[in-house]
1. Can you pull out the helices (runs of 4 or more DSSP H) entirely within region 95-166 that have at least 2 residues that are of a type in the set (Asp, Glu) and over 15 Å from Met39 (Cβ atoms)?
2. Keeping to region 108-135, report how many residues are buried (at least 20 other Cβ atoms within 10 Å of the Cβ), out of contact with any helix residue (DSSP H, G or I) (no Cβ under 8 Å at 6 or more places or on another chain) and either among the hydroxyl-bearing types (Ser, Thr, Tyr) or more than 20 Å from Asp178 (Cα to Cα) (or both).
3. Take the residues in region 144-171 that are closer than 24 Å to Trp221 by Cα and out of contact with any strand residue (DSSP E or B) (no Cβ under 8 Å at 6 or more places or on another chain); name whichever of them is surrounded by the fewest Cβ atoms within 10 Å (Cβ to Cβ).
4. Do you know which of the residues in region 52-86 that are among the aliphatic types (A, V, I, L, M) and surrounded by fewer than 17 Cβ atoms within 10 Å (Cβ to Cβ) is modelled with the highest pLDDT?
Amino acid sequence: MGVFDDLQAGLDTIGGFDVNDGADYYVDIVMCIDATGSMSPIIEEVKANAMAFCEKFHEEMDANGKNVAGLRIKVIPFRDYACDGTAAMDQSEFFVLPEQNEEFRSYVMGIRAAGGGDEPENALEAMALAMRSAWTTDGAKQRHVILVFTDASAVPLRDPSRTSNPTYPADMPASLADLGDMWAGESQELGGMPSGKSARLVLFAPSTSPWTDIQVWNNVWAAFSPAGKGLEDVDIDLAIQLLVNSVK
């Protein structure tokens, strides 16, 4: 799948499920948020969109006759292992919504744009951690969604300048191809997604490697900003529309 504008015509066939079959859906969402200093001009918008996303998604599902029986969200703020030490990566637990709305809001509001040095950043490690989440297995139908918000390119996995940080996870995949296998649910020894069919990835990122490479994975939607221009636009409403239309 490619850029948002190229996806509108093919939405009805994504996933291969029956339309409006009356099933309950259990949805987990993991948001990987670039929290480096370069995100300062847009971090508050990203945080606001993060906090609004789940409520809007739930409302849009209801409006389309698709019942969300369970909704959870997790947040992974990431920076750079080369210069941010123990602040390079963090991750929350899953928050059950709406019951834990306040806890979720408090966590997101605590994210500050700082550090990171020059790009690239450690976004791929954040994605690997997201894929290894304790995804829901409740119900007959699940959706496992990852959203990535970043204004930068990403460091190759296991880059020596990053692995020298003692907090760098020792079990990271070795390459983008390995990460792709995790996404497709084909690499359980690395802790990949439970199923390629239930997985959905939305990228808000610059039009540069590795994001332009990742967009060819299955069930990936990319909203690209021009390379070198930062993260210019976060069209959260279109992302929700695409996700809802993919729930068949």
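The values are calculated or read from the model by the stated rules, or taken from the named source; none is laboratory data. What you see is a predicted model, and the numbers here were worked out from it, not measured in a lab. Counting neighbours? That spans all protein chains shown, and the Cβs are built from the backbone with ideal geometry, glycine included.
1. In region 95-166, 101-109 are the helices (runs of 4 or more DSSP H) which contain 2 or more residues that are of a type in the set (Asp, Glu) and over 15 Å from Met39 (Cβ atoms).
2. Count: 1.
3. Only one residue tops the list, namely Pro156.
4. The selected residue is Ala69.
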